[in-house]
Amino acid sequence: ETGVTQSPTHLIKTRGQQVTLRCSSQSGHNTVSWYQQALGQGPQFIFQYYREEENGRGNFPPRFSGLQFPNYSSELNVNALELDDSALYLCASSPGTQRETQYFGPGTRLLVL
Amino acid sequence: QKEVEQNSGPLSVPEGAIASLNCTYSDRGSQSFFWYRQYSGKSPELIMFIYSNGDKEDGRFTAQLNKASQYVSLLIRDSQPSDSATYLCAVGSGGYQKVTFGTGTKLQVIP
């Protein structure tokens, strides 16, 4: 167990809806990164939050947004859900932003119908 | 060209053998290199990380990095059936430590 928790574990939504996924980072970690992992693929970097600010972003549209709170927990919000958004969403925490190892939570599996 | 490339496998090895997993990356500015193990339906679990050229050993696992060739590998000695999983190579670069993953190599250890 890494100490990173995510909720919910599973979620079913319909196309066009909005979803919020939550992540609590490991104690002492101030950086949270979010990844999307489609079936049979490696995780793809969505964005990273460091001390409540977005610190980097991958090739995802603006309908993917996030927040980090003072306790370093984080949310991923996805608006206007599309079928291709169906994936495992992973949160990873690390103690900093430079050359730091990241530890993953168990993930949230999202199915969009 | 993909940023991080791995052979998808499956790579089948007999129990007790050495499994060799390979990965190449395109960004010469990459600074950190990771190997994660992912069991089916689970999240990735960090096995090894390496920052400098050469070998790094941890138990049955050895990570090897060659920055000149932009190549990183993972050796698993005395492979066990419990090692059967997908192994993800990940490369960190950029000021904010963006981590890019390969698609993973599926390893099957045959009893």
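The values are calculated or read from the model by the stated rules, or taken from the named source; none is laboratory data. Because the structure is a prediction, the values reported are computed rather than measured. Cβ: placed from backbone, ideal geometry, glycine included. Neighbour counts: every protein chain shown.
Quick one: which residue in A:Phe60, A:Phe69, A:Phe104 is touching a Leu at 6+ places or on another chain (Cβ under 7 Å) and among the aromatic types (Phe, Trp, Tyr)?
Details: A:Phe60 fails: touching a Leu at 6+ places or on another chain (Cβ under 7 Å); A:Phe69 fails: touching a Leu at 6+ places or on another chain (Cβ under 7 Å).
Among A:Phe60, A:Phe69, A:Phe104, only A:Phe104 is touching a Leu at 6+ places or on another chain (Cβ under 7 Å) and among the aromatic types (Phe, Trp, Tyr).
You will find that of B:Val91, B:Val13, the residue that is under 28 Å from A:Pro95 (Cβ atoms) and of a type in the set (A, V, I, L, M) is B:Val91 and no other. The criterion of at least 2 residues that are in contact with a helix residue (DSSP H, G or I) (Cβ under 9 Å, 6 or more places away or on another chain), buried (at least 19 other Cβ atoms within 10 Å of the Cβ) and at pLDDT below 95 is met by none of the strands (runs of 3 or more DSSP E) wholly inside the range B:20-111.
B:Lys98 fulfils the conditions (1) over 23 Å from A:Ser93 (Cβ atoms); (2) without any contact (Cβ under 8 Å) to a residue 24 or more places away in the chain except for a single criterion, (1). Of the strands (runs of 3 or more DSSP E) lying entirely inside the range A:33-113, the ones with 1 or more residues being over 13 Å from the mean Cα position of the chain (by Cα) are found at A:44-50, A:53-57, A:87-94, A:108-112. Residues in the range A:4-30 that are hydroxyl-bearing (Ser, Thr, Tyr) and modelled with pLDDT of 90 or more: A:Thr5, A:Ser7, A:Thr9, A:Thr14, A:Thr20, A:Ser24, A:Ser25.
Residue-wise test of (1) of a type outside the set (Asp, Glu); (2) in contact (Cβ under 8 Å) with a residue 60 or more places away in the chain; (3) within 11 Å of chain B (Cβ to nearest Cβ).
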site: A:Gln26; (1), (2), (3): yes, yes, no
site: A:Phe47; (1), (2), (3): yes, no, yes
site: A:Glu54; (1), (2), (3): no, no, yes
site: A:Pro61; (1), (2), (3): yes, no, no
site: A:Glu75; (1), (2), (3): no, no, no
site: A:Asp84; (1), (2), (3): no, no, no
site: A:Ala87; (1), (2), (3): yes, no, no
site: A:Leu110; (1), (2), (3): yes, yes, no
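Considering each of B:Ser82, B:Ser93, B:Ser73, B:Ser52 in turn, give the residue that is farther than 21 Å from A:Ser33 by Cα and within 14 Å of chain A (Cβ to nearest Cβ). Walk me through how you get there before you give the answer.
Numbers: B:Ser82 fails: within 14 Å of chain A (Cβ to nearest Cβ); B:Ser93 fails: farther than 21 Å from A:Ser33 by Cα; B:Ser73 fails: within 14 Å of chain A (Cβ to nearest Cβ).
Answer to the selection: B:Ser52.
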